[in-house]
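S.K.: I'd like to ask some things about the structure below.
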Amino acid sequence: MTEQLFNALSLGFTYSLISLGYSMVYGIINLINFAHGEFFMLGAYAGVISLIIGIPWYISFFISIIVGAFVSTFVEVIGYRPLREKNSGRLTALITAISFSLFFQNFIFLFPGADLIGLGNRNPMHGAVITVGDFKIPLIKFFIFVVTIFLLILLILIVYRTKIGKAMRAVAFSKDISSLMGINPNFVISFTFALGGGLAGAAGFLEALDKNQVYNFMGVIPGLKAFIAAVVGGIGSISGAVAGGILIGFLETISVVIGLSFIKDVISFVLLILILILKPSGLFLKTQREKV
Amino acid sequence: MLVIEGLKSYYGKIMALKGISFNVKEGEIISIIGSNGAGKTTTLRVISGLLRDIEGNISFMGKSIVKFKPYEIAKLGIIHVPEGRGVFPNLTVYENLEIGGYTIKDKKRVKSNIEKVYEIFPRLLERRYQKAGTLSGGEQQMLAIGRGLIAEPKILLLDEPSLGLAPIVVKEIFKVIKKINREDKVTILLVEQNAKISMEISERTYVLETGLVVKEGISSQLINDDFVKKAYLGL
Ligand SMILES: Nc1ncnc2c1ncn2[C@@H]1O[C@H](COP(=O)(O)OP(=O)(O)O)[C@@H](O)[C@H]1O
Ligand SMILES: [Mg+2]
């Protein structure tokens with residue numbers, strides 16, 4: 001039971017970390033960034049390559065975060081910002097997102113190559129378990145749990161306690177009015193992409209350690225599920241993104257435990273359809289949400 | 001201090017300002033009066049850089065600012081308090097005031113400016129931990145003006161501070177506007193439909209009609225002008 005609990009939580013937390021980026025970006029510019037799953041994939045690759053060339057795990061982890069943040073900001077500056085300034089529609093942004101997705105997935109064929117990369121014994125947590133009472137829990141699951149909690153606290157502190165976090169919430173309400181306060185909305189938007197991308201990169205690193213491998217399409221399904229998690233939780237809301245991720249993690253784990261593992265990947269899509277029909281504003285929103 | 005020359009502004013093909021000129025000198029309260037749709041809000045949005053499809057020139061302290069971005073203009077000390085208040089409803093009163101001091105690096109100065117605003121509007125102190133969206137209209141207007149003051153403006157652009165407020169609240173707010181101008185030496189450009197109260201507190205007034213300045217002069221004289229009396233004071 002404890003083992004399954006940690007399975008569900010670590011899976012859910014991975015979705016949550018990705019989901020936050022979708023949600024924060026939507027909160028600030030009403031854009032669903034469908035390239036977001038690739039920041040997770042690229043973060044995972046960056047971490048794995050770092051580990052393989054012998055960089056210590058904690059630095060590799062940091063590199064994953066930086067790469068996720070950097071690529072995310074790059075996509076915003078090169079892709080979305082010019083569209084925003086020309087007032088292009090949502091369809092243009094969607095096509096741009098899909099193009100970036102395809103570009104990154106195919107870029108991996110060039111470097112480091114089409115084959116999936118296994119971590120093998122370069123994985124610092126491979127096979128390690130910790131014992132809690134009578135239960136053995138893989139160290140990585142515990143690690144995902146602890147790291148995610150840490151990152152969430154950090155995120156909350158940034159968004160609610162720092163100047164730039166307050167600026168994020170101000171820009172989420174209105175770019176024009178924020179700019180009257182001397183805030184450069186583009187800077188704040190880029191920062192939001194960096195935060196979201198960094199969290200996705202972190203999730204990628206954790207996933208690579210958990211699965212012990214990376215491949216170029218690894219961002220697609222988790223990306224979609226994390227998007228669903230954001231919608232389920234009420235897109236734009238930080239707590240909603242986390243709750244949505246955890247919910248999907250639990251539903252998937254439960255489906256496996258009760259022997260229905262074939263529905264594991266379908267559940268989130270069914271959930272999405274149900275939410276869109278029954279409560280499009282998201283499950284966890286009471287009244288008006290606070291966007292960021 | 002602020003000189004506007006031959007300003008035209010377009011919304012697509014529609015010309016909302018048809019070439020207006022006016023100026024604001026340091027220390028003055030200047031009012032621009034005009035009925036709904038005259039172009040008052042447009043004028044302020046052009047000055048603060050929010051509208052870019054313009055012709056003509058705007059200079060502030062001798063320097064043209066037409067190419068500046070809104071956040072750069074705010075940094076120069078031109079602070080625009082938008083129509084309908086525009087407080088951040090999702091932030092607390094205190095956070096709104098903090099955001100007002102975004103351009104000030106020194107945190108202590110922001111804090112002491114917030115204290116000063118609490119002295120001007122004690123109501124904001126009582127409600128400092130409340131989300132701004134839950135304030136009454138009058139309180140939101142106080143917050144919007146207070147937030148503008150945190151940035152230590154050289155000139156404050158006020159867009160219809162009286163809009164939708166009860167007469168007593170309007171009086172209270174205009175008293176404060178006068179006080180900010182006298183005691184804190186903040187120059188004020190006030191845009192209003194409420195012609196009477198604006199002319200009472202300002203030195204000079206410009207009358208705006210469908211994108212053109214149709215009359216200008218010393219407020220105390222204009223208030224007795226037959227045209228103004230008829231068209232704007234309902235006399
Ligand atoms: N976003 C907009 N798009 C098109 N026309 C606009 C827009 N905003 C204002 N206008 C037009 O510009 C004119 C001036 O509007 P505005 O500056 O808001 O007037 P005021 O503030 O004096 O009531 C009006 O005719 C209005 O319809
Ligand atoms: Mg107006």
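S.K.: Of the conditions (1) part of a loop (DSSP other than H, G, I, E, B); (2) within 14 Å of chain A (Cβ to nearest Cβ); (3) over 15 Å from residue B:189 (Cβ atoms), residue B:72 satisfies every one except a single condition; which number is it?
M.R.: (1)
S.K.: Among the numbered criteria (1) farther than 30 Å from residue B:70 by Cβ; (2) within 14 Å of chain B (Cβ to nearest Cβ); (3) of a type in the set (Lys, Arg), which one does residue A:136 miss?
M.R.: (2)
S.K.: Taking the stretch B:190-212 only, how many residues are more than 16 Å from ligand 2 (Cβ to nearest atom), of a type in the set (Val, Ile, Thr) and closer than 24 Å to residue B:56 by Cβ?
M.R.: Looking only at that region, the number is 1.
S.K.: Quick check on this structure: which one of A:229, A:203, A:172, A:208 is part of a helix (DSSP H, G or I), touching a Pro at 6+ places or on another chain (Cβ under 9 Å) and surrounded by 21 or more Cβ atoms within 10 Å (Cβ to Cβ)?
M.R.: Only one candidate qualifies: A:203.
S.K.: I've got another one for you. Identify, from the list B:31, B:21, B:48, the residue that is within 13 Å of chain A (Cβ to nearest Cβ), under 23 Å from residue B:206 (Cβ atoms) and in contact (Cβ under 8 Å) with a residue 60 or more places away in the chain.
M.R.: B:48 is the lone residue from the list that is within 13 Å of chain A (Cβ to nearest Cβ), under 23 Å from residue B:206 (Cβ atoms) and in contact (Cβ under 8 Å) with a residue 60 or more places away in the chain.
S.K.: Take the residues in the stretch B:1-18 that are touching an Asp or Glu at 6+ places or on another chain (Cβ under 8 Å) and away from chain A (no Cβ under 14 Å), then tell me which one is farthest from ligand 1 (Cβ to nearest atom).
M.R.: B:1
S.K.: Okay, moving on. Scan the stretch B:92-110 and tell me whether some residue there is of a type outside the set (A, V, I, L, M) and either over 19 Å from residue A:181 (Cα atoms) or within 16 Å of ligand 1 (Cβ to nearest atom) (or both).
M.R.: no
S.K.: Still on this structure, I have one more. If I ask for residues that are over 21 Å from residue B:190 (Cα atoms) and within 14 Å of another protein chain (Cβ to nearest Cβ), which ones from the stretch B:51-69 would you list?
M.R.: B:52, B:53, B:68, B:69
S.K.: Let me spell it out: the conditions are (1) within 16 Å of the chain's Cα centre (by Cα); (2) surrounded by 16 or more Cβ atoms within 10 Å (Cβ to Cβ); (3) away from ligand 2 (no atom under 16 Å from the Cβ), and residue B:40 meets all of them except one. Which number is the exception?
M.R.: Just one mismatch for residue B:40, condition (3).
S.K.: Go through B:137, B:133 for me and flag whichever is in contact (Cβ under 8 Å) with a residue 24 or more places away in the chain, within 13 Å of another protein chain (Cβ to nearest Cβ), surrounded by fewer than 20 Cβ atoms within 10 Å (Cβ to Cβ) and not acidic (Asp, Glu).
M.R.: B:133
Yes/no per residue for (1) away from ligand 2 (no atom under 16 Å from the Cβ); (2) over 21 Å from residue B:27 (Cα atoms); (3) within 14 Å of chain A (Cβ to nearest Cβ); (4) in contact with an Asp or Glu (Cβ under 7 Å, 6 or more places away or on another chain):
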{"site": "B:111", "(1), (2), (3), (4)": "yes, yes, yes, no"}
{"site": "B:116", "(1), (2), (3), (4)": "yes, no, no, no"}
{"site": "B:156", "(1), (2), (3), (4)": "yes, no, yes, no"}
{"site": "B:177", "(1), (2), (3), (4)": "yes, no, no, no"}
{"site": "B:185", "(1), (2), (3), (4)": "yes, no, no, no"}
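S.K.: Here's something else I'd like to know. From A:171, A:159, grab the single residue that is at pLDDT 95 or above, within 14 Å of chain B (Cβ to nearest Cβ), under 18 Å from the mean Cα position of the chain (by Cα) and within 24 Å of residue A:72 (Cα to Cα).
M.R.: Among A:171, A:159, only A:159 is at pLDDT 95 or above, within 14 Å of chain B (Cβ to nearest Cβ), under 18 Å from the mean Cα position of the chain (by Cα) and within 24 Å of residue A:72 (Cα to Cα).
S.K.: Could you pull out the residue among B:28, B:95, B:55 that is within 18 Å of residue B:210 (Cα to Cα), more than 16 Å from ligand 2 (Cβ to nearest atom) and in contact with a Lys or Arg (Cβ under 8 Å, 6 or more places away or on another chain)?
M.R.: That would be B:55, the only listed residue that is within 18 Å of residue B:210 (Cα to Cα), more than 16 Å from ligand 2 (Cβ to nearest atom) and in contact with a Lys or Arg (Cβ under 8 Å, 6 or more places away or on another chain).
S.K.: Out of B:105, B:75, which single residue is without any contact (Cβ under 8 Å) to a residue 12 or more places away in the chain and of a type outside the set (Gly, Ala, Ser)?
M.R.: Only one candidate qualifies: B:105.
S.K.: Give me the residue from the stretch A:174-206 that is under 28 Å from residue A:45 (Cα atoms) and not hydrophobic (A, V, I, L, M, F, W, C) and, out of that set, farthest from the other protein chains (Cβ to nearest Cβ).
M.R.: Across the stretch A:174-206, the extreme among qualifying residues is A:204.
S.K.: Now for a different question. Can you give me the ranges of the helices (runs of 4 or more DSSP H) entirely in the stretch B:146-235 with at least 2 residues that are within 16 Å of ligand 1 (Cβ to nearest atom)?
M.R.: Correct list: B:195-201, B:226-232.
S.K.: Looking at the stretch B:75-103, which of its residues are at the interface with chain A (Cβ under 9 Å from one of its Cβ atoms), of a type in the set (A, V, I, L, M) and part of a loop (DSSP other than H, G, I, E, B)?
M.R.: Within the stretch B:75-103, B:87, B:91 meet the criteria.
S.K.: Return the residue satisfying two criteria in turn: it lies in the stretch B:49-60 and is out of contact with any Asp or Glu (no Cβ under 9 Å at 6 or more places or on another chain) and in a loop (DSSP other than H, G, I, E, B), and of such residues it is surrounded by the most Cβ atoms within 10 Å (Cβ to Cβ).
M.R.: Across the stretch B:49-60, the extreme among qualifying residues is B:51.
The values are calculated or read from the model by the stated rules, or taken from the named source; none is laboratory data. Not measured: the values here are computed from a predicted model. For neighbour counting, all protein chains shown are included, and Cβ atoms are generated from backbone atoms with ideal geometry for every residue, glycine included.
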